[in-house]
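The next block holds one structure in the form of structure tokens; read it before the comments.
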Amino acid sequence: MKNNNFQSLKKPSLLQTIAAVLTAGIMWGSGNVIVRSLLIEGLNEIFLVTARVLIIGTLLFFYYVIFNRDPFDKQLLKEASYTSIASIFLVSWAFIFALQYISSGLVTLLVSSAPIFTVMWVKLLLKQEKISRLKYISVFVGFSGIAYLFITQETGLLNQGNIFLGGSLAFLGVQCIALATVLNRKFAPKYKVSSWLTFQYPLVVFLTLLTFFISGVGIDILNISQFLRLGILVVCNLGAFLSFTWLIQRVSALQVASIDYLVPVVGVSAGVIFLGETFNKNILISGLFIFLSLLLTTKDEFSN
């Protein structure tokens, strides 16, 4: 069902805006740390992705069946499925395998650069939108920060990992997020948040289960701690997406962009504290480049 009230949503208070930014930033920043803690303990990547997707997909399905009375919308299913390939399926696989080779903090730092590369996808897919020269400069600055990690072969791990494998996979995930942002911007505003998210999962669940069965991976037995962390991961994924979507419908892009400054701070800090990951000058220099590029990307908003 089309959401005709999208443009007339009430602007949130400052307290509500801060709460939404903190919720999305902390939950997104914590997600990769939780995933890597499970991988370190030997959980299989394919099993972990499959479990997470099935749990989230099932929860959304039951919520939709119980609380959503809208008729089935074939166009919604088509557009949501199309978007989900980039926004959920490819992103999940790229980042979980990247975490085998680089730290969760480094993955989170790279994720924060997604708004920078959204400029390129906007130019390719939404050609009617004009891109300023400043935004092109921001892409160059952000890419320079990422290139610095490859040049210094920084992994965020103590004498471990492989930046060329992990960094390339994470960079692929970043491009998927950037592409998904453009697709969400194009399609999502026409629908309710719950309906849009729910209809993204049928295709993702099918493809994930297909991958799981083809791979021949078994079902890992979780202890209580691992089961709890998996549950927290599901809550973080759902909470972050819902907070982000709720916020982007009501405030300017500048205010939403503040999430991208918070995510790497949470991710890097949590990785250092809980997983013993490193924080050194290479990560700091790369982070400064990425933060500068984010500032350049949002400068037009300040001007307005």
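Close amide H partners of E277, meaning residues 5 or more places away or on another chain with modelled amide H under 5 Å apart, are V272. Using only Cα coordinates, the Kirkwood hydrodynamic radius of the chain works out to 19.9 Å.
Can you compute the helix-only [θ] at 222 nm over the chain? Use -39500 (n - 2.57) per DSSP H run of at least 4 residues, normalise by all residues, nearest 500 deg cm²/dmol.
Using -39500 (n - 2.57) per qualifying helix, the result is -25500 deg cm²/dmol.
In this simple spin-label model, placing a label point 7 Å from the Cα along the Cα-to-Cβ direction at both K123 and I285 gives a separation of 2.7 nm. In terms of packing, defined here as the mean over residues of other Cβ atoms within 10 angstrom, the peptides 47-56, 107-116 line up highest first as 107-116, 47-56.
Note: relative contact order over the chain, using C-alpha pairs below 8 Å and six or more positions apart, is 41 percent. Spacing of the modelled spin labels on F61 and Q16, each 7 Å from Cα toward Cβ, amounts to 3.3 nm. Legend: helices of the chain (whole DSSP H runs) are marked when their alpha-carbon atoms reach 27 angstrom or more along the helix axis and their mean Kyte-Doolittle hydropathy is at least 0.5; marked are 14-40, 45-67, 133-152, 163-187, 193-215, 224-248, 253-275, 281-303.
For Y191, the residues whose amide H sits under 5 Å from its own are N3, ignoring neighbours fewer than 5 places away on the same chain, with H placed 1.01 Å from N.
When the inverse distances between all different Cα atoms of segment 146-288 are averaged and flipped, the Kirkwood radius reads 18.4 angstrom. As an exercise, use a Förster radius of 51 Å and the Cβ-Cβ distance of I131 and I221 to find the FRET efficiency, rounded to the nearest 0.05. Calculated transfer efficiency: 0.50.
Computed from the coordinates by the stated procedures, all read-outs in this text should not be read as laboratory data. Small disclaimer: the values here were computed from a predicted structure and weren't measured. Note that we place each Cβ from the backbone using ideal geometry, even for glycine, and neighbour counts take in every protein chain shown.
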